[in-house]
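The values are calculated or read from the model by the stated rules, or taken from the named source; none is laboratory data. What you are looking at is a predicted structure, and each value in this text was computed from that prediction instead of being measured. Backbone-built Cβ (ideal geometry, glycine too); neighbour counts: all protein chains shown.
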Amino acid sequence: MKKTPTIPQWVQTEMKRVTHHRLVFSDVVGSLKDMNITGSEIAEVLELGQGFDGSSVEGFVRLEESDLMAHPRLKSFRVLPDNLSGNGQPVGIFFCDIRTPEGRPFAGDPRQCLKRVLRRAKRLGYTFYVGPELEFFLFPDKTNPQPLDREGYFDATAEGAGASVILDIVDTLEKIGIQVECSHHEVAPSQFEIDVKYQEALTAADQVMLIRWVVKRIAQAHGLYATFLPKPIFGRNGSGMHTHMSLFQGNKNAFFSRQHRTNLSKIARQFMAGLLTYAPQFTLVTNQLVNSYKRIVPGYEAPCYLSWGQRNRSSLIRVPRYRAGREKATRIELRSPDPSCNPYLAFAVMLAAGLQGIEQQLRLPKPVEENIFNMPEAIRRKLNIGTLPGSLQEAVAIAERSAFLRETLGNHILTALLNNKRKEWEDYRTRVSGWEIEHLMSRY
């Protein structure tokens with residue numbers, strides 16, 4: 001018999017503040033799904049779970065096997081303030097694990113995919129921490145990508161509608177327990193970034209899901225539209241989700257070493273080698289939209305080359321030097337992911353690739369500190385600098401051949417993701433674009 005969960009006192013106290021609860025989870029492509037539960041029903045749902053029809057959720061199950069159960073996770077509980085609830089009252093929210101009616105973990109649940117890889121890391125003695133940096137744009141509406149300002153990176157003069165929205169977003173995130181380390185204007189006009197405190201990866205993935213939802217809700221309340229589309233404006237920098245990461249063994253940072261000139265341990269260097277080796281295979285996960293590949297092109301600070309460096313922002317992996325020599329601050333930064341990804345799957349493949357590097361004792365190549373965007377192709381070949389996939393079609397082709405990706409995601413999730421992305425590519429490939437009308441129709 002399944003044990004009834006013991007509800008911590010702090011959760012019991014917070015639950016008394018609300019009369020409604022939201023049970024939330026992610027589909028395969030990272031869209032947030034939710035169900036509303038009354039306060040009188042939540043105790044039974046915490047014990048038994050809440051049933052729902054999985055056949056209508058992207059990438060979940062077929063019609064004839066549609067019954068699934070959402071099981072709220074107590075550690076994920078928080079209270080949404082009244083400006084997010086829709087009814088002017090605070091609402092409780094739980095992230096859920098998805099299980100079959102028999103109680104088995106559901107193979108199509110992205111959250112449990114990440115938990116499975118985290119358990120693998122734990123067996124090796126590691127805890128995986130990540131710190132994502134989410135970039136996004138604010139526009140007048142979703143059909144009108146016109147910038148609200150002409151500001152640039154870290155501009156102190158960034159004022160007006162965008163600036164007031166960001167302050168409201170940060171205040172709201174703090175109210176729901178998401179600690180924002182920094183927020184600022186990004187490189188492109190009307191582009192902003194929110195950096196959150198380093199967290200264990202499962203908590204961080206839950207937070208990414210909430211941050212994207214909060215940003216859109218607050219922007220809408222201000223009469224604006226927030227988008228995490230990687231490349232909404234031609235000729236301008238796109239939006240990334242640079243992800244800082246490290247492995248800890250208890251309270252010790254396994255990435256830190258005073259003996260190495262970079263302060264990176266052997267474990268860190270092998271982890272980085274794993275990321276460089278498997279990045280082409282997992283790019284479909286970290287960069288899942290057809291639009292993603294309009295961002296990872298030379299010249300816009302988005303990496304498309306398989307290299308690493310300490311100062312080089314044209315490399316796939318950067319080793320930040322903000323607090324060089326401090327153990328707790330030692331980390332690496334993967335710069336290719338974008339904020340459209342499913343964070344559960346993205347963090348899962350990043351960790352799995354790094355663990356492969358450690359277990360296979362992969363050797364890290366020499367760092368590249370030159371600007372690779374300006375490097376002649378012959379030099380790149382000489383230095384053996386490979387590239388990420390150049391299109392969604394190429395990423396799909398690489399992913400479907402990847403034994404690493406199939407093992408990490410499982411057959412169910414990978415098959416669902418591939419089917420979704422093949423359809424997206426075919427829809428994009430057969431659509432006549434504005435560029436074709438503008439540049440070709442008058443000539444032919």
Exception for GLN220 within (1) in contact (Cβ under 8 Å) with a residue 40 or more places away in the chain; (2) touching a strand residue (DSSP E or B) at 6+ places or on another chain (Cβ under 9 Å); (3) surrounded by fewer than 24 Cβ atoms within 10 Å (Cβ to Cβ) falls at (1)
ILE437: passes all of (1) of a type outside the set (S, T, N, Q); (2) surrounded by 17 or more Cβ atoms within 10 Å (Cβ to Cβ); (3) modelled with pLDDT under 95 but (2)
If we keep only residues of the stretch 369-398 that are surrounded by 20 or more Cβ atoms within 10 Å (Cβ to Cβ) and touching a strand residue (DSSP E or B) at 6+ places or on another chain (Cβ under 8 Å), then the residue modelled with the highest pLDDT is LEU388
Counting only strands (runs of 3 or more DSSP E) wholly inside the stretch 75-145, the ones holding at least 3 residues that are of a type outside the set (Asp, Glu) and touching a Cys at 6+ places or on another chain (Cβ under 8 Å) are none
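Are any of the residues in the stretch 193-202 within 30 Å of ILE358 (Cβ to Cβ) and part of a helix (DSSP H, G or I)?
Looking only at the stretch 193-202, we keep the residues that are within 30 Å of ILE358 (Cβ to Cβ), and these are 195-202.
Next cut, part of a helix (DSSP H, G or I) only: 201-202.
The answer is yes; a qualifying residue exists.
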Across the stretch 219-278, the tally of residues that are of a type in the set (A, V, I, L, M) and either in a loop (DSSP other than H, G, I, E, B) or not assigned by TED's automatic domain parsing to the domain that holds LEU388 (or both) stands at 4
